[in-house]
Amino acid sequence: WMGMLGASFGVGFLIGPAIGGALSPFGYRVPLLFAAGLAACNWLFAVASLREPVRQTENAESSDVPTRFALLRDPVVRRLCLMNFTFSLAVTQLETVFAFFMLDRFGYDAQHVAMVLVGMALVMGTIQGGGMKALSARFEERTLVGAGALLLAIAFLAIPEASTVALLVVPLGVSAAGRAISQPALMSLVSLA
């Protein structure tokens, strides 16, 4: 299931920048408002259609089921939550600062940045949609998280040093590969813990 989960993230990361780039000529607020509206629709859909499984509802009534805070006492769960938080923060910072970096360094506007992000999403989607099944069959999730984090760290160190867009493509591809490998593996470890 790690491949399907990864592919769904890849599709989201492919479509999101493309929509943002397409809407940016109407003003930078339009993509933001569209994303907020889409998130609100997703939330309403989830509230209206997703129900807690009966087995979870029955377990919740039992005093044997630990609370969320009690689960954080487990060092493995706590470490995985910290890793997930760090991963999310690092990737979010790349996405947040990247447009400003591209504007300042190369004069790219939102549409051009969107094309670069779509390219990164294609790398991620290819790895997560096709390669993760083979990788997860060969390597443990823990190994995949470590390899993906290492690739991300290397890429994050190299991105600011790129003096041309052609040189920037390599660390961005490495970053996309690292994210594609580590994200589904990390989510799998969290669900198992």
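The values are calculated or read from the model by the stated rules, or taken from the named source; none is laboratory data. Quick caveat: nothing in here was measured; it's all calculated off a predicted structure. Every residue, glycine among them, receives a Cβ derived from its backbone with ideal geometry; neighbour counts consider all protein chains shown. When the accessible area is computed, the model is the full protein with side chains, heavy atoms only, and any ligands, DNA or RNA have been set aside. Shrake-Rupley method; radii C 1.70, N 1.55, O 1.52, S 1.80 Å.
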Please specify each residue of the range 50-84 satisfying the condition of being modelled with pLDDT of 85 or more and charged (D, E, K, R).
R78, R79
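Does F34 meet the test of being modelled with pLDDT of 85 or more and surrounded by 10 or more Cβ atoms within 10 Å (Cβ to Cβ)?
yes
Looking at the range 122-153, which of its residues are among the basic types (K, R) and either loosely packed, with under 14 Cβ neighbours inside 10 Å or within 15 Å of A176 (Cβ to Cβ) (or both)?
Filtering the range 122-153 down to residues among the basic types (K, R) leaves 133, 138, 142.
R138, R142 - these are the residues of the range 122-153 that are among the basic types (K, R) and either loosely packed, with under 14 Cβ neighbours inside 10 Å or within 15 Å of A176 (Cβ to Cβ) (or both).
Output the residues belonging to the range 112-121 that are surrounded by 15 or more Cβ atoms within 10 Å (Cβ to Cβ) and either β-branched (V, I, T) or out of contact with any Phe, Trp or Tyr (no Cβ under 6 Å at 6 or more places or on another chain) (or both). Show your work before the answer.
From the range 112-121, those surrounded by 15 or more Cβ atoms within 10 Å (Cβ to Cβ) are 112-114, 116-121; that's our starting set.
The answer is H112, V113, A114, V116, L117, V118, G119, M120.
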Which residue pairs have Cβ atoms closer than 6 Å, lie 6 or more positions apart in sequence or on different chains, and pair a first residue in the range 71-83 that is closer than 15 Å to R142 by Cβ with a second residue that is open to solvent by 70 Å² or more (accessible area, probe 1.4 Å)?
V77/L71
Take the residues of the range 89-119 that are among the polar types (S, T, N, Q) and within 21 Å of F26 (Cα to Cα): which is farthest from the chain's Cα centre (by Cα)?
Q111
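Does G125 satisfy being under 15 Å from the mean Cα position of the chain (by Cα) and at pLDDT 90 or above? Lay out the reasoning, then the answer.
Details: under 15 Å from the mean Cα position of the chain (by Cα): yes; at pLDDT 90 or above: no.
For G125, the condition - under 15 Å from the mean Cα position of the chain (by Cα) and at pLDDT 90 or above - is not met.
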Residues of the range 85-108 being open to solvent by 50 Å² or more (accessible area, probe 1.4 Å), touching a helix residue (DSSP H, G or I) at 6+ places or on another chain (Cβ under 7 Å) and at pLDDT below 90, which ones?
none
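Being within 15 Å of the chain's Cα centre (by Cα), surrounded by 17 or more Cβ atoms within 10 Å (Cβ to Cβ) and over 15 Å from T86 (Cα atoms) is the requirement here; does L172 meet it?
On the way: within 15 Å of the chain's Cα centre (by Cα): yes; surrounded by 17 or more Cβ atoms within 10 Å (Cβ to Cβ): yes; over 15 Å from T86 (Cα atoms): yes.
Here the answer is yes, as L172 does meet what is asked.
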Yes or no: A185 in contact (Cβ under 8 Å) with a residue 24 or more places away in the chain, surrounded by 14 or more Cβ atoms within 10 Å (Cβ to Cβ) and within 16 Å of the chain's Cα centre (by Cα)?
yes
Sole residue being at pLDDT 90 or above, of a type in the set (F, W, Y), exposed (fewer than 12 other Cβ atoms within 10 Å of the Cβ) and under 25 Å from M120 (Cα atoms), chosen from F45, F26
F26
Which one of the conditions (1) open to solvent by 50 Å² or more (accessible area, probe 1.4 Å); (2) without any contact (Cβ under 8 Å) to a residue 60 or more places away in the chain; (3) within 23 Å of M83 (Cβ to Cβ) does L167 fail to meet, given that it meets all the rest?
(3)
